[in-house]
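**Student:** Can you keep this structure in mind? I'll have questions shortly.
The values are calculated or read from the model by the stated rules, or taken from the named source; none is laboratory data. Keep in mind the model is a prediction, meaning the values are calculated, not measured. Note that each Cβ is placed from the backbone with ideal geometry, even for glycine, and that neighbours are counted across all protein chains shown.
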């Protein structure tokens, strides 16, 4: 902005009627079509007394002072103007003028102003680039749906203001033996209280909106990591394909955080945005995607499902490296008596009286600073389990008053225990893998998988081959391959 200088050297009777001088010297930047103001008051002179009206005030033009001060003629590159703002019209004819000289502007001031302008331009481009746009619906059973995508990597979701960064809780350093804990545990404790993060990618109409989510019978909720593109692609083509089976709609969502830093993070976020544009099946929040943040990921999803998919009857929750037989899952859920999703259901591979790992070398290590008891309440293995919409709502409610725990499946068991509910075991869920009776029967593995709900774990090529084999209409299985 231009500087103000008080007038001096005027007749005393007019001194209290003149306030300030506003001297503008404009440097034309040409290419940008912008102007930067510089000010330098040099001296008083005896100009020709010329005034003209400007916004109801009186201004003296420096162009009319050239004959008196020997100023260079103004040019498109160096236009220079001096303006004198006066309170009283009659004072104008008695004022001595000032002028500004564009020739003596210091280079560093020019660079400073240029940086400010470039910063403003970049900000405008940034804001324009990350506008919210609707994407094309890919729901085969409802026309006119929109999967809203938020084209941003700074955490601005639709109609939601940017959230303040969650700061470290430094009071945890006062815990006994805190310094001896592994760095990953320290990091978890620093940010354990952080439970709200901006949403980067959303699919608000995945279930047809909150009112239409009852049309989806089974929602597949798959925990993934930004870099696991190959796994997501295989699942979209195999068991997680969105389709109608026996009158029941199957829908799919991948829930992810962010990975990497700087350029790597930006590239992975761009990849996820491209996937979202094509499939509309990504939910992403702006937190670090790591093993110890799986529980955070689950709680964020449970919050999402209450607003976006509250009427969905059943959910499958699992990892992106499990093989799920969704046909069998639908058959099982439809066979449940008197349960349309409005009653409790939480079933999978059941762990009872599971010991808390105290060995620091394990990724499942939990110190007494996080959990003092040595056993977990009953829970189902996090590789994959089934739950009703009712139970998902209950777990969400309980989680509001239970401190985050690093082991996500154990945390689900804690929420169930607080609600007075119990998980159950299902023989068709094998999160610890499938034990084929003998090596000679490896070729018959598809026959075993055809009878199950879920098996953990498969690499993407194995997943694709196994899905094709299990669904091969020509596959022949002998009675000896029947599981007991």
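**Student:** Applying the selection to the range 379-421, what residues are touching a helix residue (DSSP H, G or I) at 6+ places or on another chain (Cβ under 7 Å), without any contact (Cβ under 8 Å) to a residue 60 or more places away in the chain and in a helix (DSSP H, G or I)?
**Tutor:** Result: 394, 398, 415, 418, 419.
**Student:** Go through the range 341-363 residue by residue and tally those that are closer than 28 Å to residue 304 by Cα and surrounded by 15 or more Cβ atoms within 10 Å (Cβ to Cβ).
**Tutor:** Adding up the residues that qualify gives 9.
**Student:** Something else now. For the range 435-474, which positions are over 44 Å from the mean Cα position of the chain (by Cα) and at pLDDT 90 or above?
**Tutor:** 474, the sole residue that qualifies.
**Student:** Let me ask another. Give me a count of the residues in the range 134-192 that are surrounded by 14 or more Cβ atoms within 10 Å (Cβ to Cβ), within 17 Å of the chain's Cα centre (by Cα) and at pLDDT 50 or above.
**Tutor:** 2
Residue-by-condition table, conditions (1) free of Cβ contacts under 8 Å to residues at least 24 places away in the same chain; (2) closer than 25 Å to residue 340 by Cα:
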position: 221; (1), (2): no, yes
position: 227; (1), (2): no, no
position: 230; (1), (2): no, no
position: 235; (1), (2): no, no
position: 249; (1), (2): no, yes
position: 262; (1), (2): yes, no
position: 265; (1), (2): no, no
position: 270; (1), (2): yes, no
position: 276; (1), (2): no, no
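**Student:** Only one of (1) touching a residue at least 60 places away in the same chain (Cβ under 8 Å); (2) in contact with a strand residue (DSSP E or B) (Cβ under 8 Å, 6 or more places away or on another chain); (3) within 21 Å of residue 382 (Cα to Cα); (4) surrounded by fewer than 21 Cβ atoms within 10 Å (Cβ to Cβ) is not met by residue 287, so which one is it?
**Tutor:** (4)
**Student:** Having 3 or more residues that are at pLDDT 95 or above, assigned by TED's automatic domain parsing to the domain that holds residue 333 and within 12 Å of the chain's Cα centre (by Cα) is the bar; report the strands (runs of 3 or more DSSP E) wholly within the range 237-290 that clear it.
**Tutor:** 248-258, 282-288
Yes/no matrix, rows are residues, columns are (1) in contact with a strand residue (DSSP E or B) (Cβ under 7 Å, 6 or more places away or on another chain); (2) part of a strand (DSSP E or B); (3) at positive phi:
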residue	(1), (2), (3)
189	no, no, no
193	no, no, no
217	yes, yes, no
225	yes, no, no
234	no, no, no
